[in-house]
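> For reference, the structure I am asking about is given below.
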Ligand code: SF4
């Protein structure tokens with residue numbers, strides 16, 4: 001803990017351009033053009049220290065070094081899957097651990113980022129959910145995951161999904177800043193339309209996301225359109241009924257002109273019946289959406305099973321003529337526990 005009189009350094013990596021400009025001209029008493037220089041060094045060139053900022057005077061660099069810091073994540077472990085997916089485990093300043101995933105899918109390269117250490121939502125098929133919630137990530141910690149992943153590869157990261165550990169809309173304030181920073185064309189410049197936020201849907205959260213300046217993509221972890229089944233699979237979905245969720249998705253369609261992706265993880269005997277498929281088709285009827293089916297990835301210690309290929313086929317066949325777009329998503333990185341619901345398996349469980 002900081003002693004009395006010591007000053008906590010400002011994490012520049014987590015300041016939006018507007019915040020950086022206010023801080024530079026206000027707290028630091030510098031000229032406004034410094035904000036542009038700093039933003040470029042931090043987010044486009046992504047240097048590791050103020051010493052590397054060669055077009056900033058030595059005096060100003062020393063001043064910055066005393067009052068601010070650049071957030072870099074320390075990699076603890078990196079695992080590569082046979083399909084090219086790479087999972088990174090990072091340690092944070094307070095010794096918490098988070099995981100992020102790099103997913104190649106020519107011509108795209110997608111970074112899957114975490115927004116919290118752990119998660120409050122408790123989805124029964126998810127390793128992160130089982131481990132409970134530790135804390136929110138700062139905007140700087142979200143942005144720094146992306147930069148660590150980008151440093152790992154020569155290929156430019158083209159897409160970002162906030163689909164790692166945590167519920168992004170439960171950490172909205174920091175998410176909003178991270179979105180603004182990574183889509184800023186003065187920085188790493190990943191267009192808002194190439195960034196997707198994945199959520200179970202929290203009250204008011206989808207409308208807030210739709211109201212942001214950029215048109216960010218939305219993926220909703222639906223997993224069932226039958227109220228009782230959804231409450232069982234996604235306990236935190238109790239906060240927003242399916243009727244309210246549908247209302248929010250229609251609002252998102254209207255406000256952004258974009259369609260929503262509905263994530264549906266098929267689990268044997270729980271949500272893979274034809275009556276579940278019928279409820280899903282009914283739920284989707286007037287929403288501009290795409291359904292992404294995914295077959296459950298077994299997680300050690302959970303008594304849940306994958307449906308067989310015939311069950312998956314039947315489910316899809318029911319949906320095809322009734323829904324606008326249905327895809328069966330390939331599970332990526334399952335051999336390194338980097339697939340959906342598997343993050344945090346190695347580090348987050350209490351008996352780690
Ligand atoms: S699936 Fe997502 S929302 Fe559900 S517990 Fe896991 S991290 Fe949280």
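> Could you check the simple spin-label distance between residue 327 and residue 193, using points 7 Å along Cα→Cβ, in nm with one decimal?
Each label point is offset 7 Å from its Cα along the Cβ direction, giving 1.6 nm.
> Output the antiparallel fraction of DSSP beta bridges having both residues in the chain, as a percent to the nearest 5.
Working: 20 of 45 bridges.
Here the antiparallel bridges make up roughly 45 percent for the chain.
> Still on this structure: Let's test the formula: R0 of 45 Å, r as the Cβ-Cβ distance of residue 95 and residue 185. What FRET efficiency results, to the nearest 0.05?
According to the calculation, E is roughly 0.80.
> Shifting gears a bit: On a 0 to 90° scale, report how tilted helix 139-152 is relative to the longest principal axis of the chain, with both axes built from alpha carbons and the result rounded to the nearest 10.
Taking the Cα atoms of the chain, the angle to 139-152 is about 90 degrees.
> Further question: As a check on your grasp of the helix formula, calculate [θ] at 222 nm for the chain: sum -39500 (n - 2.57) over DSSP H runs of n ≥ 4, divide by the residue count, round to the nearest 500.
Using -39500 (n - 2.57) per qualifying helix, the result is -9000 deg cm²/dmol.
> Let me ask something additional. Nearest 10 degrees is fine. How inclined is helix 172-183 to the longest principal axis of the chain, computing both from alpha carbons?
70
> Sticking with this one: On C-alpha positions alone, give me the angle between the axis of helix 309-319 and the longest principal axis of the chain, in degrees, nearest 10.
Relative to the chain, helix 309-319 is tipped by roughly 90 degrees.
> Could you please rank 88, 223, placing first whichever residue has the fewest other Cβ atoms within 10 Å of its Cβ? Could the numbers behind the result be given before it?
Numbers: 88 21, 223 27.
Ordered by Cβ neighbours within 10 Å, fewest first: 88, 223.
> Then there is this: Mind sorting 289, 189, 323 by how few other Cβ atoms lie within 10 Å of their own Cβ, fewest first?
Placing the least packed residue first, the sequence is 189, 323, 289.
> Using the alpha carbons of segment 10-69, what is the convex hull volume per residue in cubic angstrom, as a whole number?
72
> Using alpha-carbon positions, what is the distance between the centroids of segment 18-45 and segment 73-138, in Å?
Rounded to whole Å, the Cα centres lie 30 Å apart.
> Further question: Which whole-number percent gives the relative contact order of segment 138-294, counting Cα pairs below 8 Å spaced six or more residues apart?
Relative contact order here is 19 percent.
Only the coordinates and a few stated rules stand behind these numbers; no lab work does. Computed from a prediction, not measured in an experiment: that's the story for all the values here. Note: ideal-geometry Cβ built from the backbone for every residue, glycine included; neighbour counts use all protein chains shown.
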